[in-house]
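Below is one structure; the comments refer to it alone.
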Amino acid sequence: MSYAVGDEIEFLARLTASMTHEIRNVFAIIQESSGLMGDLLDIPGEEGPKKERHKGILSKIQDQVNRGVGLVGQLNKLAHLADDPEKKVDLTDLLALMVAVSRRLAALREVELVLAPCPTQQVEVETSPFYVSMALHYCLETCLGILAPGARIKLGIWQDDKAVGFRINCEDMNRNQTDSNISTQAASTPQWAAVEKAMEKVNGSARLDNDSCIILEIGLP
C-alpha cells in the first residue's frame, strides 16, 4: 500500500522544517545575548534592588527562550512527519509528540491529557508517521468535542501478535453521562470520519471499544 502524501503537504512540510531552523537561530542569538548580560551583571560592583530586578528579567527571558526552543522542536518534528511515505515509527515517541502539541487545545476545553505508562521496550512498526499522527489528532479532537470541562483523556500503547496501536480512554468525571453516550456521540462526529479515513491510509482501523475507549489499530506485516 502507498502511504505517499500529496505534493502540497510535502511542499508545506519542507518550508516549515526550513523555517524552524531559522527560528532556532533567532532563539540562539537571544540566548547568547541574555547570557552576556547575565555575565555583566555578575561583575562585582553596585548591588541593590535594581540589579536584582534586572536578573529577574533575564531569568524570565531565559525561561521563555527555553519554552520557545521546545515548541520549535515540536514543530520541526511535525514537519518531518511527511518526509518519508513509510518508515519504522516508534509509537511511544509519536504518541508523546502528539500529546505535547495537543495540550493547548485540551487546556482550552479544560480537559486533562494523560500519558499511560509506556512499554519498557520500543514499540516500532513500519507505517506512515504522517497518517498515524493525523488519526491521533482527529481522535483527540473527537474526544475534546464531547467531554465536559474537568474530564480526562488517557492515552497509551497496546500490542498483540497481530497488531499494534493506541488506546484512548475518555473519563468524564463531572457530568452525568453514561459511557454509551460517549461512544454514540464519537461515532457521529465529522472528526471520527477523519480518524477512520486516516487509519485506512495505513491499512489500519479505528473502533470504539468498551464504550468509552477508542482503539487505533495498525496491522503488522
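The values are calculated or read from the model by the stated rules, or taken from the named source; none is laboratory data. These figures come from a predicted structure and were not determined experimentally. Don't worry about glycine lacking a Cβ; one is built from the backbone with ideal geometry, like all the others, and counts go over all protein chains shown.
Some observations on this one:
- Q64 vs. criteria outside any loop (DSSP other than H, G, I, E, B), within 16 Å of the chain's Cα centre (by Cα) and not aliphatic (A, V, I, L, M): no
- Subset of region 96-138 (residues that are part of a strand (DSSP E or B) and over 15 Å from A82 (Cα atoms)): E112, L113, V114, L115, E124, V125
- Residue match in region 10-31 (condition: exposed (fewer than 10 other Cβ atoms within 10 Å of the Cβ) and either of a type in the set (D, E, K, R) or within 22 Å of V99 (Cβ to Cβ) (or both)): yes
- Scanning region 202-212 for residues that are over 16 Å from V164 (Cβ atoms) and outside any loop (DSSP other than H, G, I, E, B) yields one hit, L208.
- Those residues of region 145-163 which are at pLDDT below 90 and either crowded, with 19+ Cβ neighbours inside 10 Å or not in a loop (DSSP other than H, G, I, E, B) (or both), in sequence order: I146, L147, W158, Q159, A163
- Residues that are more than 22 Å from G219 (Cβ to Cβ), touching a helix residue (DSSP H, G or I) at 6+ places or on another chain (Cβ under 9 Å) and surrounded by 15 or more Cβ atoms within 10 Å (Cβ to Cβ) are absent from region 126-135 altogether.
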